[in-house]
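Okay, so here's the structure we're looking at.
Throughout, read-outs are computed from the coordinates displayed, never taken from laboratory work. The shown structure was predicted, so the numbers you read here are calculated from the model rather than taken from an experiment. In this analysis, Cβ positions are derived from the backbone assuming ideal geometry, glycine residues included, and neighbour counts consider all displayed protein chains.
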Amino acid sequence: MSSSPHKVRFAQPLRHARVRVGAESFVSESKFKEMIEDRYLEGYQAGQKALSEQLVEQRKQLIEIQTGLLRSIQAALPSVVAECEKSIVLLAIESARKVVESIPITPEMMESVVKKALTELQDTADYEVLLHPEDLALLESVSSGLLPRAENSKVRFGIDSSVSRGGCVIKTGHGAISALRERMFEKLETAVLA
């Protein structure tokens, strides 16, 4: 303990003066430093504990958010996959349609289309094959064996401008068989997306 640089003078000498022990007692400098260090350590530890509790709570909240996000992704994933599959199929069909439209129409192709459509006839000998005017002219130019002879009145080939190029429609007494390109793509699209 250090002494004060000021001198105190009393009018009478102090007799029976004593230092009281109690709350007013003076603490040594080393004891004071030790008390400050203890208080600092207690505050530091309390701050560490509070921070640790706060971090644990934030981790719990983050895990809850993460779990909720994963659940919502898992719930949405099947519909996203289904939508992607549908889009890919439609894209593939549209690509195939573009490729088919770009293929030049040949007599062999037209014979194949008509033959395939004729396979759907069941015991019907009386029918009419309707073709686009250019497609019928193409078959006539190569004298296709599919064209009926003049004496055959039950099988007829005719023109119909509403029939698209590369396709045909066969009419019978029971109904019609459509072998149009666009109809084939519609059937394919319906079958794939069903």
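Descriptive notes on the structure:
- Karplus-derived 3J(HN,Hα), 6.51/-1.76/1.60, for each residue of the range 6-13, Hz, glycine and proline x: 8, 9, 9, 10, 9, 5, 10, x
- Here, the range 27-102 is characterised by an Rg to Rh ratio of 1.70, where Rg is the alpha-carbon radius of gyration and Rh the Kirkwood radius.
- Computed Rg/Rh of the range 82-141, alpha carbon atoms with Kirkwood Rh: 1.15
- The calculated FRET efficiency for the pair E64 and E85, based on their C-beta separation and a Förster distance of 35 Å, comes to about 0.60.
- Computed label-point distance, nm, for sites F10 and E94 using a 7 Å Cα→Cβ extension: 10.8 nm
- For the range 41-64 versus the range 102-148, the inter-centroid distance based on Cα atoms is 83 Å.
- Square roots of 5 times each gyration tensor eigenvalue, C-alpha, the range 104-193, largest first, Å: 22, 17, 11
- Straight-line cross-link partners of K171 among the lysines, defined as a Cα under 26 Å from its Cα and at least 8 positions apart when in the same chain: K115, K116, K154, K187.
- Neighbourhood net charge (15 Å Cβ-Cβ; Lys/Arg +1, Asp/Glu -1) for F157: -3
- C-alpha long axis of helix 181-193 to longest principal axis of the chain, angle in °: 40 degrees
- Here the relative contact order of the range 104-193, from alpha carbon pairs under 8 Å that lie six or more residues apart, stands at 35 percent.
- Rounded to the nearest 10 degrees, the inclination of helix 107-118 to the longest alpha-carbon principal axis of the chain is 90 degrees.
- Residues E134 and T190, FRET efficiency given R0 of 41 Å [Cβ-Cβ distance, rounded to 0.05]: 0.90
- From the largest down, the chain spans 161, 32, 22 angstrom on the principal axes of its Cα atoms.
- Cross-link partners of K86 among aspartates and glutamates, defined as those whose alpha carbon lies under 20 angstrom from its own and excluding same-chain residues fewer than eight positions apart: E94, E182, E186, E189.
- DSSP bridge analysis restricted to the range 104-193 gives an antiparallel fraction near 65%, rounded to the nearest 5.
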